[in-house]
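**Student:** Quick one: the structure is below, and I'll ask about it shortly.
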Amino acid sequence: MDNDKEMSENDKVTKTNLDTVGGGKVDQETSKTAEETQSNTKDSQVEESNISTEETEVPPKAESSEVITSENETEQVSSEKQTDDTQSINENQPHEESDEDDNDDEEIEENDYSESSKSELLAAIKTLIATEKYLKIDPVINEIKGYFDAIYNKEKEAALKDFLDNGGLEDDFQFRSDDEDKLFFASYHDFREKKTNFLKDQEKKKEQNLLSKNEILDKLRDLVDGEETTHSITTIKNIQEEWKKIGPVPSAQNRSLWASYNALMDRFYDNRSIYFELKELDRKKNLEHKLEICEKAEALIQVEELKDAIKALNDLHEEFKHIGPVPREEQEQLWQRFKAASDAVYERRKEYYDSQKEVFKENLVKKESLIENLSAFKDFTASKIKDWNVKTKEVLAIQKEWESTGPVPREAGKEVNRKFWGFFKQFFHNKNQFFKELDEIRLTNKKRAEELIGQAEGLMESTDWQETSSKLIGLQQEWKKIGPTPEKVRDELYRKFKNACDTFFENRRNANKQVNKEFEENLKTKEVLIGKIREAADSGEALTEEALEKFIADFNAIGFVPRKNMKEITSKFNEAVDAYVNKLGVEGGSKEEFLFRLNLNKLQADPNANRVLNKKEHGIRKQISDLENNITLWKNNLEFFAASKTADKLKDQFDEKIIKAENEIEKLKKKLSIIREF
């Protein structure tokens, strides 16, 4: 809310206080006394034509010489005392308070809801209801409902049109409200009920206040009709305080209550001729108190913060009007002094606003520039949280600068506020939408993560090291692809998955420690066997194919060696076998078959022996198939050669190729038969 608006409200309160202190008429019990009282009261009023009294309730003027009270309350009093004491009653008369218990200086924020969505209107009505300022927010609630009804009817008309376009009958159409509609109408109904209950409570309070004030009148009658004591002045002051604290009563009884109260107070002071000195002393004390208030009001001109000065002045006006009467000869002068101090503060406020007009215009230019900067963010979108966080800082920086910029001219304030906060809300609406979608993605990723955790936990006690290891590595690759999960469970999910994987691999490491010991023993055994093969080859004695095949079979039967030694021990073994074969002296086809068989024997040491044998078999079969196809082709070609020297030479060449191919096929078939033996 702009400063000028706040000042306006404070001014309004102050003017009300001025009216209450400076004016008011009291009913009298006799026509003569009423005329004198009216004359004296007029003299004491402040002649300020610009001060309104519309907001101040004062006691009604009596229309006859009698007041509707008990018979003892109507008697003739002296004109001089009647006028004097009437002033006391007038100055102690409290200002009638608002019907609302929630009456305070707080303003309901003005917003433009014309462009709001249903969800925004729903949020707005809930926020307003929460303030419990039912009478103040009533017009705003009705405005919001009007905009909501417009959206609701538009949706209903669109649904009816669609229903009719699809072949439906208007009498069969039933519009189904969505959840937002139901919540809004429920909130509106709740507000109407609360407002009704609030007004009923206020009426009950007024009735209770009426009973309380009638009880005070009974006390006052007893005091007036009773015997005067030294405690009467204290009692009457307590009665005045009680009366002042009681809130509003039903308007129909207000005038008669005040008439009875004023008449009884007049009688009390008229009957107190014995205690007149005490009354004068009380007036002097009131004078001292009001003089102190005047000094405080005069000091407010030195207060730097104008807003604080206005608030303090309002408090002083409230205190001034409730103090009580002062000596008649001091009354007008005292009031003029207090009014002059108040006017000085108001003049300072006027000068302030006049001097601030150019500043307000400069502030308007600054705020329009900030609106332009903020408009660039209203359609911002991104797929990364980091980007949203960066832009959010920039938007909040603009908001901070906006709030540090002072007020603008009143006529432009509403429009610039609407534009700025519209862009501001749009940005955060888009941001909330992004995080809402992100939350849905995270929940999906959470379910996938839980599935992978379940699979990993199902494998973590497996002893099938090779296959399980491959599966877990695959699960780890999938885990990396999952994407973000809800932050509050992210660490827990990762801990469970990592624990399952670590458990398996730790078990495998422990098992491998024992296996590695066996591999080391196998390595030593194979090195000893290689040494024997070399010794046999070097000596050249008793070298046979059977002995070599046994060496190879023994080597293959030993088992695996550590991975780091596999190539080295295989190389040593092949070198020893080659040396043995060279000394063996096998010749011709037998040698070829022997070497082939020997190579197959060596393969037995390979962990992938079956796969290698299958591959070799497949390759040999393909060679046989290719050779047979070539032979068929060559034989077909021979039939086309004519009888000539060149043709005969070509036939001989093709015959030679066919014979070589058939021999090669025989060799390959023998190799196939050898492979089958393994």
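The values are calculated or read from the model by the stated rules, or taken from the named source; none is laboratory data. A quick note: this is a predicted structure, and the numbers were derived from the prediction, not measured. Cβ placement follows ideal geometry from the backbone for every residue including glycine, while neighbour counts extend to all protein chains displayed.
**Student:** If I ask for residues that are among the polar types (S, T, N, Q) and in contact (Cβ under 8 Å) with a residue 60 or more places away in the chain, which ones from region 188-222 would you list?
**Tutor:** Answer for region 188-222, where residues must be among the polar types (S, T, N, Q) and in contact (Cβ under 8 Å) with a residue 60 or more places away in the chain: just Gln202.
**Student:** Shifting gears a bit: Anything in region 236-285 that is at pLDDT 85 or above, farther than 19 Å from Gly324 by Cα and among the β-branched types (Val, Ile, Thr)? List them, or say none.
**Tutor:** Val249, the sole residue that qualifies.
**Student:** What helices (runs of 4 or more DSSP H), lying completely within region 248-360, carry at least 1 residues that are in contact with a Gly (Cβ under 6 Å, 6 or more places away or on another chain)?
**Tutor:** Answer list for region 248-360: 276-299.
**Student:** List every residue pair whose Cβ atoms lie under 7 Å apart, where the two residues are 6 or more positions apart in sequence or sit on different chains, the first residue falls within region 223-234 and is more than 13 Å from Lys279 (Cβ to Cβ) and not assigned by TED's automatic domain parsing to the domain that holds Tyr269, and the second residue, located anywhere, is modelled with pLDDT under 75 and surrounded by 10 or more Cβ atoms within 10 Å (Cβ to Cβ).
**Tutor:** Close Cβ pairs (under 7 Å, with a partner that is modelled with pLDDT under 75 and surrounded by 10 or more Cβ atoms within 10 Å (Cβ to Cβ)) amount to Leu223/Ser232; Val224/Asn271; Asp225/Asn72.
**Student:** I need a count of the residues in region 546-570 that are within 17 Å of Leu584 (Cα to Cα) and in contact with a Phe, Trp or Tyr (Cβ under 6 Å, 6 or more places away or on another chain).
**Tutor:** 1
**Student:** Within the set of pairs 6 or more residues apart or between chains, which connect a residue that is assigned to a helix (DSSP H, G or I) and among the charged types (D, E, K, R) inside region 497-511 to a residue that is surrounded by 14 or more Cβ atoms within 10 Å (Cβ to Cβ) and modelled with pLDDT of 85 or more with Cβ atoms less than 8 Å apart?
**Tutor:** What qualifies is Arg508/Ser469.
**Student:** Something else: Listed residues Asn417, Asn432; which is free of Cβ contacts under 8 Å to residues at least 40 places away in the same chain, surrounded by 17 or more Cβ atoms within 10 Å (Cβ to Cβ), assigned to a helix (DSSP H, G or I) and not aliphatic (A, V, I, L, M)?
**Tutor:** That would be Asn417, the only listed residue that is free of Cβ contacts under 8 Å to residues at least 40 places away in the same chain, surrounded by 17 or more Cβ atoms within 10 Å (Cβ to Cβ), assigned to a helix (DSSP H, G or I) and not aliphatic (A, V, I, L, M).
**Student:** Kindly list, by first and then second residue, each pair from a residue in region 554-570 that is among the charged types (D, E, K, R) to a residue that is surrounded by 15 or more Cβ atoms within 10 Å (Cβ to Cβ) and modelled with pLDDT of 85 or more, limited to pairs with Cβ atoms under 7 Å and residues at least 6 apart or on different chains.
**Tutor:** Asp554/Leu529
**Student:** Using the structure shown, decide if His322 is surrounded by fewer than 19 Cβ atoms within 10 Å (Cβ to Cβ) and either in contact with a helix residue (DSSP H, G or I) (Cβ under 8 Å, 6 or more places away or on another chain) or outside the structural domain of Lys284 (by TED's automatic domain parsing) (or both).
**Tutor:** Yes; evaluated as a whole, the condition is true for this residue.
**Student:** I'm trying to understand the selection: among the residues of region 433-470, which are of a type in the set (Gly, Ala, Ser) and in contact with a Phe, Trp or Tyr (Cβ under 9 Å, 6 or more places away or on another chain)?
**Tutor:** Ala449, Ala456, Ser462, Ser469
**Student:** Next up: Pairs please, first residue from region 254-283 and farther than 16 Å from Glu215 by Cα and not assigned by TED's automatic domain parsing to the domain that holds Asp225, second anywhere and at pLDDT 75 or above and outside any helix (DSSP H, G or I), Cβ atoms under 6 Å, 6+ apart in sequence or on different chains.
**Tutor:** Close Cβ pairs (under 6 Å, with a partner that is at pLDDT 75 or above and outside any helix (DSSP H, G or I)) amount to Arg283/Pro325; Arg283/Val326; Arg283/Pro327.
**Student:** Could we say that Leu281 is loosely packed, with under 14 Cβ neighbours inside 10 Å, out of contact with any strand residue (DSSP E or B) (no Cβ under 8 Å at 6 or more places or on another chain) and of a type outside the set (Asp, Glu) here?
**Tutor:** Considered against the rule, which asks whether it is loosely packed, with under 14 Cβ neighbours inside 10 Å, out of contact with any strand residue (DSSP E or B) (no Cβ under 8 Å at 6 or more places or on another chain) and of a type outside the set (Asp, Glu), Leu281 comes out as yes.
**Student:** Would you be able to say whether some residue in region 481-499 is modelled with pLDDT of 90 or more and polar (S, T, N, Q)?
**Tutor:** yes
**Student:** What do you reckon, is Asp387 exposed (fewer than 15 other Cβ atoms within 10 Å of the Cβ), outside any helix (DSSP H, G or I) and either of a type in the set (A, V, I, L, M) or out of contact with any strand residue (DSSP E or B) (no Cβ under 8 Å at 6 or more places or on another chain) (or both)?
**Tutor:** No.
**Student:** Could you list, in sequence order, all residues of region 111-149 that are without any contact (Cβ under 8 Å) to a residue 40 or more places away in the chain, closer than 25 Å to Asn430 by Cα, surrounded by 11 or more Cβ atoms within 10 Å (Cβ to Cβ) and small (Gly, Ala, Ser)?
**Tutor:** If the condition is that a residue be without any contact (Cβ under 8 Å) to a residue 40 or more places away in the chain, closer than 25 Å to Asn430 by Cα, surrounded by 11 or more Cβ atoms within 10 Å (Cβ to Cβ) and small (Gly, Ala, Ser), then Ser116, Ser117, Ala123, Ala124 are the ones that fit.
**Student:** Hey, another quick one. Scan region 194-205 and give yes if some residue there is acidic (Asp, Glu), exposed (fewer than 11 other Cβ atoms within 10 Å of the Cβ), assigned to a helix (DSSP H, G or I) and not assigned by TED's automatic domain parsing to the domain that holds Gln253, otherwise no.
**Tutor:** Checked against the condition, which is being acidic (Asp, Glu), exposed (fewer than 11 other Cβ atoms within 10 Å of the Cβ), assigned to a helix (DSSP H, G or I) and not assigned by TED's automatic domain parsing to the domain that holds Gln253, region 194-205 yields no hits at all.
**Student:** Sticking with this one: Hey, can you tell me all the residues within region 528-550 that are touching a Lys or Arg at 6+ places or on another chain (Cβ under 7 Å) and surrounded by 13 or more Cβ atoms within 10 Å (Cβ to Cβ)?
**Tutor:** Ile530, Ala537, Leu543
Let's see how each residue does on (1) surrounded by 13 or more Cβ atoms within 10 Å (Cβ to Cβ); (2) at pLDDT below 75:
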| residue | (1), (2) |
| --- | --- |
| Arg563 | no, no |
| Val586 | yes, yes |
| Asn608 | no, yes |
| Leu613 | yes, yes |
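**Student:** When the residues of region 237-253 are filtered to those that are surrounded by 19 or more Cβ atoms within 10 Å (Cβ to Cβ) and touching a residue at least 60 places away in the same chain (Cβ under 8 Å), which remaining residue is nearest to Leu223 (Cα to Cα)?
**Tutor:** Per the stated criteria, the residue is Gln240.
**Student:** Output the number of residues of region 319-376 satisfying the condition of being β-branched (Val, Ile, Thr) and either in contact with a Phe, Trp or Tyr (Cβ under 6 Å, 6 or more places away or on another chain) or over 25 Å from Gly406 (Cα atoms) (or both).
**Tutor:** Counting residues in region 319-376 that are β-branched (Val, Ile, Thr) and either in contact with a Phe, Trp or Tyr (Cβ under 6 Å, 6 or more places away or on another chain) or over 25 Å from Gly406 (Cα atoms) (or both) gives 3.
**Student:** Now for a separate question. Evaluate region 153-172: report whether one residue or more is surrounded by 12 or more Cβ atoms within 10 Å (Cβ to Cβ) and in contact (Cβ under 8 Å) with a residue 24 or more places away in the chain.
**Tutor:** There is no residue in region 153-172 that is surrounded by 12 or more Cβ atoms within 10 Å (Cβ to Cβ) and in contact (Cβ under 8 Å) with a residue 24 or more places away in the chain.
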